[in-house]
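Read the figures in this text as sums done on the coordinates, not as results from a lab. All values reported here derive from a predicted model rather than from experimental measurement. No Cβ is skipped: glycine too gets one built from the backbone with ideal geometry, and neighbour counts run over all protein chains shown.
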Amino acid sequence: MLAQSVKHLGIQCTVLDPSTECCARSVCEQIVGDYDDVESLKALADWSDVVSYEFENVSASAAVIEDIAEIHPSTQALAVAQDRHIERSMFQELGIAIPAYQPVDDVESLNAALQSIGTPSILKARRLGYDGKGQVLINDANHAADALKTIGSVPAILDKFVEFQRELSIVAARDKHGNIAFYPLAQNVHRGGILRVSKAPARDVSDALATQAQEAARKILEKFDYVGVLAVEFFQIGKGDNAHLVANEIAPRVHNTGHWTIEGSKTSQFENHMRAVMGMELGSTDSVGHSAMVNIISNEPRPGALDALPEAHVHMYGKEPRAGRKIGHVTLNADTPDKLDALLERFTRVVG
Ligand code: AMP
């Protein structure tokens, strides 16, 4: 989607990916190699004016090519996002509210954390977790040892289970001169730790809530002298005048909760990321109508189902279907929130 977003600007991309079936292959050149293979990384850097990434489990050792090509966003931001404890410490250092949590290394420290945080709580591997992987809900402190085994007995954090009103995220872009553009907040629904639907602009967002999200994103962007797109995911606690946000995590890249911007914004998150890393001015983040993005997970929709809904903007990634895998997404767009809801309801009826 990054490569597609700048085709009209005449910009060519090459992707480094270990799989010969990677989906970017259909839109750009590919170097087949592991993300931490120094020769492949060097080949990519030799070919490129600027190198970026859209998957945060790439090795931060990619920094070895920094002498050959610019890398954006900063590999420091990448390293922070790769470790939940370091990420939470960064939020605290910047004065951004987070759920109560404690780092955990073994059963003893998990028991101590459960004593102070209580249940329900969520044990999350510090590294390499995504889409709900490497996480387990703990309802009973007696199950601590099993929970730690479930996530592979790796260093972790224990998070207090947040009774949130809803999940919101902000996607922001920062250019090389420090200008920042914010997309409106998206409201997100996850099931089993996997994002199902994002709606944007999120409804009933007070100025105070929007400002809280923007200021959190701004602090992070400025800390890293960040160039490119960043997403911050939040839980909204409380309603009305009592509503406030606690931050869950950052993504130093284009983000699934920003996919709606392809059709729902004047400039998509993908194009703005590319514009930023290439030293161009950012495009407008104004919305076009009201959007809902629905992920297609595990299985292809039943044949013909999507044909019955010509208003749906369908993006299939050419990925092999697999349980829990995001293999595409659909964006629905309407000029009013009510029409969007009606479209979403029809989509759910027809496609499931
Ligand atoms: P994460 O991998 O941290 O983004 O978690 C995936 C999803 O699990 C989140 O989007 C939430 O729906 C849920 N979740 C994660 N942490 C918490 C928490 N501390 N309290 C409640 N739900 C959570």
Checking the a/c ratio against 1.5 first, then a/b against b/c, what shape does the Cα gyration tensor give for the chain? rounded
Put in order of increasing Cβ neighbours within 10 Å, starting from the fewest, S74, S5 give S74, S5
Would you work out which of S153, L230, S298 lies farthest towards the positive end of the dipole of the chain, given +1 charges on the beta-carbon of Lys and Arg and -1 on that of Asp and Glu, about the Cα centre? S298
Please work out whether segment 2-71 counts as rounded, prolate or oblate from its C-alpha gyration tensor, where a ≥ b ≥ c are the square roots of the eigenvalues and a/c under 1.5 means rounded, while otherwise a/b larger than b/c means prolate and anything else oblate? oblate
List the lysines whose Cα lies under 21 Å from the Cα of K339, skipping any in the same chain that are fewer than 8 positions away. K199, K266
Check: C-alpha center segment 2-18 vs C-alpha center segment 149-184, spacing in Å is 26
How do L344, L306 rank when sorted from fewest to most other Cβ atoms within 10 Å of their own Cβ? L344, L306
